[in-house]
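The next block holds one structure in the form of C-alpha coordinates; read it before the comments.
The values are calculated or read from the model by the stated rules, or taken from the named source; none is laboratory data. Quick caveat: nothing in here was measured; it's all calculated off a predicted structure. Glycine gets a Cβ as well: all are built from the backbone with ideal geometry, and neighbour counts include every protein chain shown.
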Amino acid sequence: MVEQNVMEKIVSLAKRRGFVYQGSEIYGGLAGTYDYAPLGVALKNNLKNIWWRRFVLDREDMYGFDAAILMNAKVWESSGHVGGFADPVVECSKCRARFRADHLDNEELCPTCGGALGSVQEFNMMFETKVGASSVEDNQAISYLRPETAQGMFVNFKNILDTFHPKLPFGLAQIGKAFRNEIAPRDFLFRTREFEQMEIEYFVRPNDWEVAFQELRAEILAYLSDIGLKTRSLHELEVPEGERAHYSKRTIDVEFDYPFGQKELCGLAYRTDYDLQAHQTGSQVDLTFFDEGSKERFLPHVIEPSLGVDRLVLAVLCDAYTEDEMGGESRAYFKFSRAVAPVKAAVFPLLKNKPELVAKARAVYEELKKVVPQIMWDDNGNIGKRYRRQDEIGTPSCITIDFDTLSDNTVTIRDRDTGSQSRVAIDSLPALIAG
Ligand code: ATP
(Lines give C-alpha, C1' and ligand atoms only; values in the text may rest on other atoms or scores of the structure.)
Protein backbone atom coordinates (compact mmCIF):
# COMPACT_ATOMS: atom_id res chain seq x y z
CA MET A 1 0.00 0.00 0.00
CA VAL A 2 2.87 2.35 0.86
CA GLU A 3 4.46 1.70 -2.55
CA GLN A 4 1.18 2.39 -4.31
CA ASN A 5 1.13 5.69 -2.53
CA VAL A 6 4.55 6.63 -3.85
CA MET A 7 3.44 5.85 -7.40
CA GLU A 8 0.39 8.08 -7.00
CA LYS A 9 2.58 10.90 -5.73
CA ILE A 10 4.94 10.55 -8.68
CA VAL A 11 2.09 10.52 -11.21
CA SER A 12 0.52 13.55 -9.58
CA LEU A 13 3.77 15.56 -9.35
CA ALA A 14 4.55 14.64 -12.98
CA LYS A 15 1.18 16.00 -14.01
CA ARG A 16 1.10 19.07 -11.77
CA ARG A 17 4.52 20.27 -12.86
CA GLY A 18 4.10 19.55 -16.58
CA PHE A 19 5.98 16.33 -17.30
CA VAL A 20 3.26 13.89 -18.38
CA TYR A 21 -0.49 14.21 -18.94
CA GLN A 22 -3.04 11.50 -19.55
CA GLY A 23 -3.71 11.13 -23.31
CA SER A 24 -6.92 12.79 -24.61
CA GLU A 25 -7.71 13.86 -21.05
CA ILE A 26 -10.54 16.32 -21.76
CA TYR A 27 -12.43 13.49 -23.51
CA GLY A 28 -12.01 11.13 -20.58
CA GLY A 29 -8.66 9.78 -21.77
CA LEU A 30 -7.66 6.86 -23.96
CA ALA A 31 -6.32 3.86 -22.04
CA GLY A 32 -2.62 3.19 -22.53
CA THR A 33 -1.72 6.59 -23.96
CA TYR A 34 0.11 9.52 -22.39
CA ASP A 35 1.16 12.94 -23.63
CA TYR A 36 4.52 14.39 -22.75
CA ALA A 37 4.31 17.98 -21.53
CA PRO A 38 7.23 20.44 -21.90
CA LEU A 39 9.36 19.18 -19.00
CA GLY A 40 8.66 15.55 -19.89
CA VAL A 41 9.76 16.12 -23.49
CA ALA A 42 12.94 17.79 -22.25
CA LEU A 43 13.68 14.88 -19.91
CA LYS A 44 12.91 12.31 -22.59
CA ASN A 45 15.04 14.13 -25.19
CA ASN A 46 17.96 14.19 -22.75
CA LEU A 47 17.68 10.41 -22.28
CA LYS A 48 17.51 9.87 -26.04
CA ASN A 49 20.38 12.24 -26.81
CA ILE A 50 22.68 10.62 -24.24
CA TRP A 51 21.84 7.21 -25.74
CA TRP A 52 22.41 8.43 -29.31
CA ARG A 53 25.71 10.00 -28.29
CA ARG A 54 27.02 6.84 -26.58
CA PHE A 55 25.77 4.28 -29.09
CA VAL A 56 25.97 6.16 -32.41
CA LEU A 57 28.01 9.37 -32.39
CA ASP A 58 30.86 8.11 -30.18
CA ARG A 59 31.31 4.91 -32.19
CA GLU A 60 32.55 4.20 -35.69
CA ASP A 61 30.71 0.91 -36.10
CA MET A 62 27.15 2.24 -35.70
CA TYR A 63 24.79 3.73 -38.28
CA GLY A 64 21.79 5.81 -37.28
CA PHE A 65 18.46 4.88 -38.84
CA ASP A 66 14.85 6.06 -38.99
CA ALA A 67 12.49 3.69 -40.78
CA ALA A 68 8.82 4.25 -41.66
CA ILE A 69 6.29 3.11 -39.08
CA LEU A 70 4.03 1.68 -41.78
CA MET A 71 5.55 -1.19 -43.73
CA ASN A 72 4.47 -3.73 -46.29
CA ALA A 73 2.37 -6.36 -44.46
CA LYS A 74 4.71 -9.04 -45.81
CA VAL A 75 7.40 -7.74 -43.44
CA TRP A 76 5.23 -8.82 -40.50
CA GLU A 77 4.28 -12.11 -42.10
CA SER A 78 7.97 -12.99 -42.58
CA SER A 79 9.02 -11.80 -39.14
CA GLY A 80 6.41 -14.04 -37.53
CA HIS A 81 4.39 -11.20 -35.99
CA VAL A 82 1.19 -11.84 -37.98
CA GLY A 83 1.20 -15.47 -36.91
CA GLY A 84 2.61 -15.25 -33.43
CA PHE A 85 2.78 -11.80 -31.83
CA ALA A 86 0.01 -12.63 -29.41
CA ASP A 87 -0.67 -12.59 -25.69
CA PRO A 88 -3.09 -14.97 -23.95
CA VAL A 89 -6.39 -13.30 -23.04
CA VAL A 90 -9.35 -14.42 -20.92
CA GLU A 91 -12.78 -12.82 -20.69
CA CYS A 92 -15.10 -12.74 -17.68
CA SER A 93 -18.47 -14.28 -18.51
CA LYS A 94 -20.20 -11.89 -16.08
CA CYS A 95 -18.68 -8.39 -16.39
CA ARG A 96 -16.98 -8.95 -19.80
CA ALA A 97 -13.67 -7.53 -18.55
CA ARG A 98 -10.62 -8.95 -20.35
CA PHE A 99 -7.35 -9.91 -18.68
CA ARG A 100 -3.94 -11.15 -19.68
CA ALA A 101 -4.08 -14.79 -18.63
CA ASP A 102 -0.39 -14.99 -17.71
CA HIS A 103 -0.75 -12.00 -15.35
CA LEU A 104 -3.50 -13.62 -13.25
CA ASP A 105 -3.01 -15.57 -10.01
CA ASN A 106 -6.22 -17.49 -10.61
CA GLU A 107 -7.11 -18.22 -14.26
CA GLU A 108 -10.65 -19.26 -13.38
CA LEU A 109 -12.13 -16.37 -11.41
CA CYS A 110 -12.48 -12.75 -12.49
CA PRO A 111 -10.31 -10.56 -10.21
CA THR A 112 -12.84 -7.71 -10.50
CA CYS A 113 -16.26 -9.31 -9.98
CA GLY A 114 -15.52 -12.93 -9.11
CA GLY A 115 -17.37 -14.23 -12.22
CA ALA A 116 -16.21 -17.29 -14.18
CA LEU A 117 -13.44 -16.65 -16.70
CA GLY A 118 -13.75 -18.17 -20.18
CA SER A 119 -11.08 -20.16 -22.00
CA VAL A 120 -7.72 -18.66 -22.90
CA GLN A 121 -7.57 -17.15 -26.41
CA GLU A 122 -4.57 -15.83 -28.29
CA PHE A 123 -4.87 -12.09 -28.96
CA ASN A 124 -2.62 -10.52 -31.62
CA MET A 125 -1.27 -7.24 -30.32
CA MET A 126 -0.57 -5.52 -33.62
CA PHE A 127 -2.73 -2.52 -34.53
CA GLU A 128 -4.11 -3.18 -37.98
CA THR A 129 -4.84 -0.35 -40.38
CA LYS A 130 -5.73 0.19 -44.03
CA VAL A 131 -3.49 1.97 -46.47
CA GLY A 132 -5.04 4.20 -49.15
CA ALA A 133 -8.68 4.48 -50.22
CA SER A 134 -9.19 0.75 -50.26
CA SER A 135 -12.37 -1.23 -49.93
CA VAL A 136 -13.02 -3.10 -46.70
CA GLU A 137 -12.36 -6.52 -48.26
CA ASP A 138 -9.08 -5.53 -49.87
CA ASN A 139 -6.46 -7.55 -47.98
CA GLN A 140 -3.67 -6.05 -50.07
CA ALA A 141 -4.23 -2.76 -48.30
CA ILE A 142 -3.73 -4.04 -44.77
CA SER A 143 -0.82 -2.64 -42.87
CA TYR A 144 0.17 -2.53 -39.21
CA LEU A 145 1.54 0.07 -36.87
CA ARG A 146 4.92 -1.47 -36.10
CA PRO A 147 5.08 -3.29 -32.75
CA GLU A 148 8.89 -2.87 -32.64
CA THR A 149 11.39 -0.74 -34.52
CA ALA A 150 13.72 -3.67 -35.22
CA GLN A 151 12.16 -4.93 -38.45
CA GLY A 152 12.63 -1.56 -40.20
CA MET A 153 16.36 -2.12 -39.80
CA PHE A 154 16.43 -5.77 -40.88
CA VAL A 155 14.60 -5.04 -44.13
CA ASN A 156 17.14 -2.31 -44.92
CA PHE A 157 20.17 -4.50 -44.27
CA LYS A 158 20.96 -4.84 -48.00
CA ASN A 159 20.53 -1.10 -48.61
CA ILE A 160 23.08 -0.36 -45.92
CA LEU A 161 25.54 -2.91 -47.36
CA ASP A 162 25.15 -1.34 -50.81
CA THR A 163 25.48 2.29 -49.74
CA PHE A 164 28.01 2.13 -46.88
CA HIS A 165 29.95 -1.14 -47.50
CA PRO A 166 30.43 -1.68 -43.75
CA LYS A 167 32.75 -4.31 -42.34
CA LEU A 168 31.54 -6.68 -39.63
CA PRO A 169 30.75 -6.11 -36.87
CA PHE A 170 28.51 -3.09 -37.38
CA GLY A 171 25.17 -1.95 -36.06
CA LEU A 172 22.05 -0.01 -37.01
CA ALA A 173 20.52 2.12 -34.29
CA GLN A 174 17.07 3.63 -34.22
CA ILE A 175 14.82 5.59 -31.90
CA GLY A 176 11.16 5.52 -32.81
CA LYS A 177 7.57 4.82 -31.90
CA ALA A 178 6.14 1.33 -31.52
CA PHE A 179 2.54 0.30 -30.93
CA ARG A 180 1.08 -2.70 -29.13
CA ASN A 181 -2.57 -3.25 -28.42
CA GLU A 182 -1.80 -4.35 -24.86
CA ILE A 183 -4.66 -6.27 -23.24
CA ALA A 184 -4.18 -4.49 -19.93
CA PRO A 185 -2.11 -1.29 -20.13
CA ARG A 186 -1.05 -0.35 -16.60
CA ASP A 187 1.40 1.24 -14.24
CA PHE A 188 1.54 4.70 -15.83
CA LEU A 189 4.27 4.80 -18.50
CA PHE A 190 5.33 1.20 -17.88
CA ARG A 191 2.87 -0.59 -20.14
CA THR A 192 1.26 1.64 -22.74
CA ARG A 193 -0.20 1.05 -26.18
CA GLU A 194 1.99 3.62 -27.88
CA PHE A 195 5.59 3.92 -26.76
CA GLU A 196 9.07 4.65 -27.98
CA GLN A 197 11.98 2.27 -28.35
CA MET A 198 15.71 2.71 -28.72
CA GLU A 199 16.98 -0.36 -30.50
CA ILE A 200 20.21 -1.57 -32.04
CA GLU A 201 20.65 -4.43 -34.45
CA TYR A 202 24.33 -5.31 -34.19
CA PHE A 203 25.52 -7.63 -36.99
CA VAL A 204 28.41 -9.99 -36.27
CA ARG A 205 30.15 -13.06 -37.66
CA PRO A 206 28.32 -16.08 -36.20
CA ASN A 207 31.31 -17.08 -34.07
CA ASP A 208 31.76 -13.61 -32.63
CA TRP A 209 28.36 -13.24 -31.03
CA GLU A 210 29.48 -13.79 -27.44
CA VAL A 211 32.10 -11.05 -27.51
CA ALA A 212 29.61 -8.54 -28.95
CA PHE A 213 26.96 -9.65 -26.46
CA GLN A 214 29.26 -8.96 -23.50
CA GLU A 215 30.43 -5.63 -24.95
CA LEU A 216 26.88 -4.37 -25.47
CA ARG A 217 25.81 -5.69 -22.09
CA ALA A 218 28.49 -3.55 -20.44
CA GLU A 219 27.55 -0.55 -22.60
CA ILE A 220 23.89 -0.76 -21.58
CA LEU A 221 24.85 -0.71 -17.90
CA ALA A 222 27.24 2.17 -18.55
CA TYR A 223 24.43 4.09 -20.26
CA LEU A 224 22.03 3.47 -17.36
CA SER A 225 24.69 4.81 -15.02
CA ASP A 226 25.29 7.84 -17.33
CA ILE A 227 21.70 8.86 -16.83
CA GLY A 228 22.02 8.58 -13.08
CA LEU A 229 20.08 5.40 -12.27
CA LYS A 230 21.34 3.86 -9.06
CA THR A 231 23.13 0.54 -9.54
CA ARG A 232 21.29 -0.96 -6.59
CA SER A 233 17.93 -0.42 -8.34
CA LEU A 234 19.03 -2.39 -11.44
CA HIS A 235 19.12 -6.18 -11.73
CA GLU A 236 20.32 -8.31 -14.60
CA LEU A 237 18.25 -11.40 -15.21
CA GLU A 238 19.30 -14.31 -17.41
CA VAL A 239 16.05 -15.30 -19.15
CA PRO A 240 15.67 -19.10 -19.05
CA GLU A 241 15.19 -21.00 -22.31
CA GLY A 242 11.47 -21.64 -21.93
CA GLU A 243 10.72 -17.94 -21.39
CA ARG A 244 12.83 -16.48 -24.21
CA ALA A 245 11.31 -15.25 -27.47
CA HIS A 246 11.40 -18.04 -30.07
CA TYR A 247 14.16 -16.30 -32.07
CA SER A 248 16.51 -15.80 -29.14
CA LYS A 249 19.39 -18.09 -28.10
CA ARG A 250 20.29 -15.92 -25.14
CA THR A 251 18.49 -13.02 -23.46
CA ILE A 252 19.42 -10.89 -20.51
CA ASP A 253 16.82 -8.47 -19.21
CA VAL A 254 17.71 -5.53 -17.03
CA GLU A 255 15.01 -5.08 -14.42
CA PHE A 256 14.39 -1.99 -12.36
CA ASP A 257 12.88 -1.64 -8.88
CA TYR A 258 9.71 0.26 -9.77
CA PRO A 259 7.42 1.09 -6.82
CA PHE A 260 5.05 -1.62 -8.14
CA GLY A 261 7.79 -4.28 -8.26
CA GLN A 262 11.00 -5.36 -9.99
CA LYS A 263 10.09 -5.26 -13.69
CA GLU A 264 11.76 -5.34 -17.13
CA LEU A 265 13.33 -2.07 -18.18
CA CYS A 266 15.22 -3.31 -21.22
CA GLY A 267 16.51 -6.45 -22.88
CA LEU A 268 19.56 -7.74 -24.68
CA ALA A 269 18.91 -10.63 -27.06
CA TYR A 270 21.04 -12.81 -29.30
CA ARG A 271 18.67 -13.19 -32.29
CA THR A 272 21.01 -15.41 -34.37
CA ASP A 273 20.33 -14.99 -38.13
CA TYR A 274 16.62 -15.59 -37.53
CA ASP A 275 15.41 -12.27 -38.93
CA LEU A 276 17.71 -11.98 -41.95
CA GLN A 277 16.91 -15.59 -42.81
CA ALA A 278 13.16 -14.94 -42.51
CA HIS A 279 13.30 -11.83 -44.71
CA GLN A 280 15.56 -13.50 -47.24
CA THR A 281 13.04 -16.30 -47.58
CA GLY A 282 10.04 -13.95 -47.53
CA SER A 283 11.37 -11.40 -50.03
CA GLN A 284 13.46 -13.77 -52.15
CA VAL A 285 16.21 -11.13 -52.02
CA ASP A 286 19.76 -12.25 -51.24
CA LEU A 287 20.63 -10.74 -47.84
CA THR A 288 23.99 -12.45 -47.40
CA PHE A 289 27.13 -10.56 -46.48
CA PHE A 290 30.27 -11.04 -48.57
CA ASP A 291 33.43 -11.02 -46.49
CA GLU A 292 36.25 -9.59 -48.64
CA GLY A 293 38.92 -11.07 -46.35
CA SER A 294 37.80 -14.69 -46.17
CA LYS A 295 35.82 -14.56 -49.47
CA GLU A 296 32.92 -16.14 -47.61
CA ARG A 297 29.26 -15.36 -48.09
CA PHE A 298 26.95 -15.79 -45.10
CA LEU A 299 24.08 -14.31 -43.09
CA PRO A 300 25.44 -12.35 -40.13
CA HIS A 301 24.06 -13.00 -36.67
CA VAL A 302 22.47 -10.28 -34.57
CA ILE A 303 22.73 -8.95 -31.04
CA GLU A 304 19.87 -6.64 -30.10
CA PRO A 305 19.79 -4.22 -27.18
CA SER A 306 16.22 -2.94 -26.89
CA LEU A 307 15.18 -0.22 -24.51
CA GLY A 308 11.77 1.32 -23.98
CA VAL A 309 12.14 5.09 -23.64
CA ASP A 310 8.93 5.51 -21.63
CA ARG A 311 9.90 2.77 -19.17
CA LEU A 312 13.18 4.59 -18.83
CA VAL A 313 11.49 7.94 -18.20
CA LEU A 314 9.42 6.23 -15.52
CA ALA A 315 12.51 4.61 -13.97
CA VAL A 316 14.25 7.99 -13.88
CA LEU A 317 11.19 9.67 -12.31
CA CYS A 318 10.90 6.91 -9.68
CA ASP A 319 14.63 6.87 -8.96
CA ALA A 320 14.76 10.64 -8.64
CA TYR A 321 11.60 11.11 -6.56
CA THR A 322 12.72 12.28 -3.11
CA GLU A 323 11.02 13.45 0.05
CA ASP A 324 13.08 15.23 2.67
CA GLU A 325 13.21 18.29 4.87
CA MET A 326 15.00 21.55 4.28
CA GLY A 327 14.97 24.53 6.62
CA GLY A 328 12.24 22.88 8.69
CA GLU A 329 9.96 22.41 5.67
CA SER A 330 9.22 19.12 3.98
CA ARG A 331 9.73 18.90 0.25
CA ALA A 332 8.94 16.35 -2.47
CA TYR A 333 10.98 16.71 -5.64
CA PHE A 334 12.79 15.00 -8.48
CA LYS A 335 16.47 14.69 -7.62
CA PHE A 336 17.60 14.31 -11.25
CA SER A 337 21.25 13.98 -12.18
CA ARG A 338 22.53 17.08 -13.94
CA ALA A 339 22.81 15.13 -17.22
CA VAL A 340 19.09 14.38 -17.46
CA ALA A 341 17.52 17.32 -15.59
CA PRO A 342 15.08 19.05 -17.95
CA VAL A 343 16.15 22.43 -16.57
CA LYS A 344 19.85 22.74 -15.68
CA ALA A 345 19.55 26.06 -13.88
CA ALA A 346 17.09 28.85 -13.16
CA VAL A 347 18.09 32.51 -13.23
CA PHE A 348 16.43 35.06 -10.91
CA PRO A 349 16.73 38.77 -10.28
CA LEU A 350 16.67 39.18 -6.47
CA LEU A 351 13.88 41.76 -6.76
CA LYS A 352 11.37 42.12 -9.54
CA ASN A 353 10.78 45.85 -9.16
CA LYS A 354 14.38 47.03 -9.59
CA PRO A 355 14.92 47.65 -13.32
CA GLU A 356 18.72 47.63 -13.10
CA LEU A 357 18.67 44.20 -11.38
CA VAL A 358 16.19 42.78 -13.87
CA ALA A 359 18.23 44.12 -16.81
CA LYS A 360 21.43 42.56 -15.45
CA ALA A 361 19.68 39.26 -14.70
CA ARG A 362 18.20 39.19 -18.23
CA ALA A 363 21.67 39.77 -19.69
CA VAL A 364 23.14 36.92 -17.60
CA TYR A 365 20.22 34.67 -18.59
CA GLU A 366 20.50 35.42 -22.29
CA GLU A 367 24.27 34.89 -22.44
CA LEU A 368 24.01 31.67 -20.45
CA LYS A 369 21.18 30.37 -22.62
CA LYS A 370 23.43 30.58 -25.69
CA VAL A 371 25.77 28.03 -24.08
CA VAL A 372 23.34 26.00 -21.97
CA PRO A 373 19.90 26.23 -23.62
CA GLN A 374 18.02 24.26 -20.95
CA ILE A 375 17.73 27.09 -18.43
CA MET A 376 14.71 28.92 -17.07
CA TRP A 377 13.86 32.50 -16.09
CA ASP A 378 11.81 33.08 -12.96
CA ASP A 379 10.97 36.39 -11.27
CA ASN A 380 7.71 35.35 -9.64
CA GLY A 381 7.19 35.49 -5.87
CA ASN A 382 9.91 35.55 -3.25
CA ILE A 383 13.21 33.70 -3.62
CA GLY A 384 12.15 30.93 -1.22
CA LYS A 385 9.11 30.13 -3.37
CA ARG A 386 11.21 30.16 -6.51
CA TYR A 387 13.66 27.69 -4.93
CA ARG A 388 10.80 25.37 -4.00
CA ARG A 389 9.32 25.48 -7.51
CA GLN A 390 12.68 24.69 -9.06
CA ASP A 391 13.38 21.91 -6.53
CA GLU A 392 10.11 20.20 -7.43
CA ILE A 393 11.06 19.93 -11.11
CA GLY A 394 14.59 18.85 -10.25
CA THR A 395 16.57 21.93 -11.30
CA PRO A 396 20.07 21.35 -9.84
CA SER A 397 21.12 25.04 -9.55
CA CYS A 398 19.46 28.40 -8.98
CA ILE A 399 21.35 31.58 -9.83
CA THR A 400 20.41 34.87 -8.19
CA ILE A 401 21.48 38.29 -9.45
CA ASP A 402 21.62 40.90 -6.65
CA PHE A 403 23.06 44.36 -6.06
CA ASP A 404 26.61 43.06 -5.64
CA THR A 405 26.41 41.55 -9.12
CA LEU A 406 26.12 45.07 -10.56
CA SER A 407 29.53 46.01 -9.19
CA ASP A 408 31.56 42.77 -9.15
CA ASN A 409 29.94 40.44 -11.72
CA THR A 410 29.43 37.64 -9.22
CA VAL A 411 26.19 35.82 -8.48
CA THR A 412 24.80 33.50 -5.84
CA ILE A 413 24.45 29.90 -6.92
CA ARG A 414 22.33 27.62 -4.77
CA ASP A 415 22.45 23.84 -4.76
CA ARG A 416 19.18 21.89 -4.90
CA ASP A 417 20.30 18.96 -2.76
CA THR A 418 22.07 20.74 0.10
CA GLY A 419 20.51 24.20 -0.14
CA SER A 420 24.02 25.62 0.21
CA GLN A 421 24.81 28.89 -1.51
CA SER A 422 28.10 30.21 -2.83
CA ARG A 423 29.32 33.30 -4.59
CA VAL A 424 30.82 32.69 -8.04
CA ALA A 425 31.88 34.73 -11.08
CA ILE A 426 29.39 34.96 -13.94
CA ASP A 427 32.08 33.59 -16.31
CA SER A 428 32.28 30.35 -14.36
CA LEU A 429 28.53 29.58 -14.68
CA PRO A 430 28.53 27.56 -17.94
CA ALA A 431 31.04 25.06 -16.55
CA LEU A 432 29.15 24.82 -13.25
CA ILE A 433 25.72 24.11 -14.68
CA ALA A 434 26.33 22.16 -17.91
CA GLY A 435 24.96 18.60 -17.79
P1 ATP B 1 6.85 -7.22 -21.51
O2 ATP B 1 7.22 -8.65 -21.24
O3 ATP B 1 6.99 -6.31 -20.32
O4 ATP B 1 5.55 -7.06 -22.24
P5 ATP B 1 8.49 -7.50 -23.78
O6 ATP B 1 9.50 -8.50 -23.31
O7 ATP B 1 7.37 -7.95 -24.64
O8 ATP B 1 7.95 -6.67 -22.55
P9 ATP B 1 10.16 -6.48 -25.80
O10 ATP B 1 9.36 -7.03 -26.91
O11 ATP B 1 11.45 -7.13 -25.45
O12 ATP B 1 9.26 -6.34 -24.50
O13 ATP B 1 10.37 -4.91 -26.09
C14 ATP B 1 11.57 -4.25 -25.83
C15 ATP B 1 11.39 -3.12 -24.85
O16 ATP B 1 10.30 -2.27 -25.24
C17 ATP B 1 11.02 -3.57 -23.45
O18 ATP B 1 12.19 -3.91 -22.71
C19 ATP B 1 10.34 -2.35 -22.89
O20 ATP B 1 11.31 -1.41 -22.41
C21 ATP B 1 9.66 -1.74 -24.10
N22 ATP B 1 8.24 -2.07 -24.12
C23 ATP B 1 7.66 -3.21 -24.57
N24 ATP B 1 6.33 -3.15 -24.44
C25 ATP B 1 6.05 -1.94 -23.90
C26 ATP B 1 4.82 -1.29 -23.54
N27 ATP B 1 3.64 -1.85 -23.74
N28 ATP B 1 4.91 -0.04 -23.00
C29 ATP B 1 6.10 0.56 -22.82
N30 ATP B 1 7.27 -0.01 -23.14
C31 ATP B 1 7.26 -1.25 -23.69
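Residue-level check: of (1) of a type in the set (A, V, I, L, M, F, W, C); (2) loosely packed, with under 12 Cβ neighbours inside 10 Å; (3) closer than 30 Å to V316 by Cα, A425 misses just (3). When the stretch 326-353 is filtered for residues that are free of Cβ contacts under 8 Å to residues at least 40 places away in the same chain and of a type in the set (K, R), only K352 remains. Looking at the stretch 141-172 only, could you name the residues that are without any contact (Cβ under 8 Å) to a residue 12 or more places away in the chain and either within 13 Å of M71 (Cα to Cα) or not assigned by TED's automatic domain parsing to the domain that holds Y274 (or both)? Scanning the stretch 141-172 gives a single hit, A141. When the stretch 215-263 is examined, which residues are found to be surrounded by fewer than 16 Cβ atoms within 10 Å (Cβ to Cβ), in contact with an Asp or Glu (Cβ under 7 Å, 6 or more places away or on another chain) and basic (K, R)? Residue satisfying the conditions is K230 alone. Kindly indicate whether Y274 is assigned by TED's automatic domain parsing to the domain that holds L312, of a type in the set (F, W, Y), in contact (Cβ under 8 Å) with a residue 40 or more places away in the chain and away from the ligand (no atom under 12 Å from the Cβ). For Y274, the condition - assigned by TED's automatic domain parsing to the domain that holds L312, of a type in the set (F, W, Y), in contact (Cβ under 8 Å) with a residue 40 or more places away in the chain and away from the ligand (no atom under 12 Å from the Cβ) - is not met. Within the stretch 284-322, restricting attention to residues that are touching a Phe, Trp or Tyr at 6+ places or on another chain (Cβ under 8 Å), in a strand (DSSP E or B) and within 16 Å of the ligand (Cβ to nearest atom), the residue that is farthest from D273 (Cα to Cα) is G308. With respect to the conditions (1) more than 21 Å from Y270 (Cα to Cα); (2) away from the ligand (no atom under 16 Å from the Cβ); (3) crowded, with 20+ Cβ neighbours inside 10 Å, L109 lacks only one, and its number is (3).
Within the stretch 180-191, residues that are over 18 Å from V90 (Cβ atoms) and modelled with pLDDT of 95 or more sit with their Cβ atoms under 9 Å from residues that are hydroxyl-bearing (S, T, Y) and more than 7 Å from the ligand (Cβ to nearest atom), at 6+ positions apart or across chains, in these pairs: D187/Y258; F188/Y34; L189/Y34; F190/Y258.
Residues in the stretch 385-403 that are closer than 19 Å to G18 by Cα and either assigned to a helix (DSSP H, G or I) or at pLDDT below 95 (or both): K385, R386, Y387, R388, R389, Q390, D391, E392.
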